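Structure first, then comments.
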Amino acid sequence: MPAPSFMEIALDEARAAAARGEVPVGCVVVRDGAVVARAGNRTLADKDPTGHAELLAIRQAAAALGSERLTDCDLYVTLEPCAMCAAAMSFARIRRLYFGAGDPKGGAVEHGVRFFSAPTCHHRPEVYGGIGESDAAILLRDFFQARR
């Protein structure tokens, strides 16, 4: 059986977040073809509004690599990042961003403020959206339908 894709690992993190009652978003930071960090949302568990999967994974990766600059790292996340997470990616100098489902309501990459397009943005990763989009969208839709 082939190894799971990086987005599949991010989806696993999202599923684990959903099982904890968190919004199902998962993230993986990759360097040289290896997973450096992985996380799912933990805003409720940690009682921390910044407990988004991307921020948690970026923090883990920076600690593991001993640097606040993740210039040779790629980030895979199941949902289009919000403005806070996009800013963190810019500050960390993430090389490439791969995301699953777009987020017209809270996203800040292809929707909303389009953070990386702002003239004040110091670093813009290469962006690839729609990776594993249907799986990520189904996971989110099912999660929110169960709560209505």
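The values are calculated or read from the model by the stated rules, or taken from the named source; none is laboratory data. Predicted, not measured: the structure shown is a model, and the values here were computed from it. Quick reminder, even Gly has a Cβ in these numbers, built from the backbone with ideal geometry, and neighbours come from all protein chains shown. Areas reflect the complete protein model, heavy atoms only, side chains present, ligands, DNA and RNA absent. Shrake-Rupley method; radii C 1.70, N 1.55, O 1.52, S 1.80 Å.
Let's see how each residue does on (1) open to solvent by less than 40 Å² (accessible area, probe 1.4 Å); (2) more than 24 Å from V36 (Cβ to Cβ):
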site: A86; (1), (2): yes, no
site: A101; (1), (2): yes, no
site: G106; (1), (2): yes, yes
site: F115; (1), (2): no, no
site: P119; (1), (2): no, yes
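Is it the case that some residue within the stretch 88-99 is part of a loop (DSSP other than H, G, I, E, B), out of contact with any strand residue (DSSP E or B) (no Cβ under 7 Å at 6 or more places or on another chain), among the basic types (K, R) and surrounded by fewer than 21 Cβ atoms within 10 Å (Cβ to Cβ)?
Yes; the residues of the stretch 88-99 include at least one that is part of a loop (DSSP other than H, G, I, E, B), out of contact with any strand residue (DSSP E or B) (no Cβ under 7 Å at 6 or more places or on another chain), among the basic types (K, R) and surrounded by fewer than 21 Cβ atoms within 10 Å (Cβ to Cβ).
Yes/no matrix, rows are residues, columns are (1) touching a Leu at 6+ places or on another chain (Cβ under 7 Å); (2) not small (G, A, S):
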| residue | (1), (2) |
| --- | --- |
| A87 | no, no |
| S90 | no, no |
| R96 | no, yes |
| F99 | yes, yes |
| G102 | no, no |
| H111 | no, yes |
| A118 | no, no |
| H122 | no, yes |
| G129 | no, no |
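Taken over the stretch 110-123, the criterion of being free of Cβ contacts under 8 Å to residues at least 24 places away in the same chain and under 16 Å from the mean Cα position of the chain (by Cα) is satisfied by R114 alone.
Any residue at all in the stretch 104-117 that's under 22 Å from S5 (Cα atoms) and not in a loop (DSSP other than H, G, I, E, B)? Among the residues of the stretch 104-117, not one is under 22 Å from S5 (Cα atoms) and not in a loop (DSSP other than H, G, I, E, B), which makes the answer no.
Set side by side, the residues G107, G132 differ, and just one is under 15 Å from the mean Cα position of the chain (by Cα) and modelled with pLDDT under 95, which is G132.
I'd like to check something: does the stretch 26-43 contain any residue that is acidic (D, E), closer than 24 Å to G107 by Cβ and either open to solvent by 10 Å² or more (accessible area, probe 1.4 Å) or touching a residue at least 60 places away in the same chain (Cβ under 8 Å) (or both)? There is no residue in the stretch 26-43 that is acidic (D, E), closer than 24 Å to G107 by Cβ and either open to solvent by 10 Å² or more (accessible area, probe 1.4 Å) or touching a residue at least 60 places away in the same chain (Cβ under 8 Å) (or both).
Against the conditions (1) acidic (D, E); (2) farther than 22 Å from Q145 by Cβ; (3) part of a helix (DSSP H, G or I), D12 satisfies every one except (2).
For L55, are the conditions met, namely being in a helix (DSSP H, G or I) and aliphatic (A, V, I, L, M)? First the steps, then the outcome.
On the way: in a helix (DSSP H, G or I): yes; aliphatic (A, V, I, L, M): yes.
Yes, satisfied.
Of everything in the stretch 121-134, what is surrounded by 17 or more Cβ atoms within 10 Å (Cβ to Cβ) and either in contact with a Pro (Cβ under 9 Å, 6 or more places away or on another chain) or farther than 22 Å from A61 by Cβ (or both)? Give them in sequence order. Across the stretch 121-134, the qualifying residue is only E133.
For the stretch 58-77, which positions are open to solvent by 10 Å² or more (accessible area, probe 1.4 Å), in a helix (DSSP H, G or I) and farther than 14 Å from S90 by Cα?
We begin by selecting, within the stretch 58-77, every residue open to solvent by 10 Å² or more (accessible area, probe 1.4 Å); these are 58-60, 62-69, 71-72, 74, 76.
With in a helix (DSSP H, G or I) added as a condition, the list becomes 58-60, 62-65.
Residues satisfying the conditions are Q60, A63, A64, L65.
Quick check: is even one residue across the stretch 130-147 touching a residue at least 12 places away in the same chain (Cβ under 8 Å), assigned to a strand (DSSP E or B) and not aliphatic (A, V, I, L, M)? No, the conditions are met nowhere in the stretch 130-147. Scanning the stretch 10-25 for residues that are open to solvent by 10 Å² or more (accessible area, probe 1.4 Å), among the hydrophobic types (A, V, I, L, M, F, W, C) and farther than 19 Å from A88 by Cβ gives A16, A18, A19.
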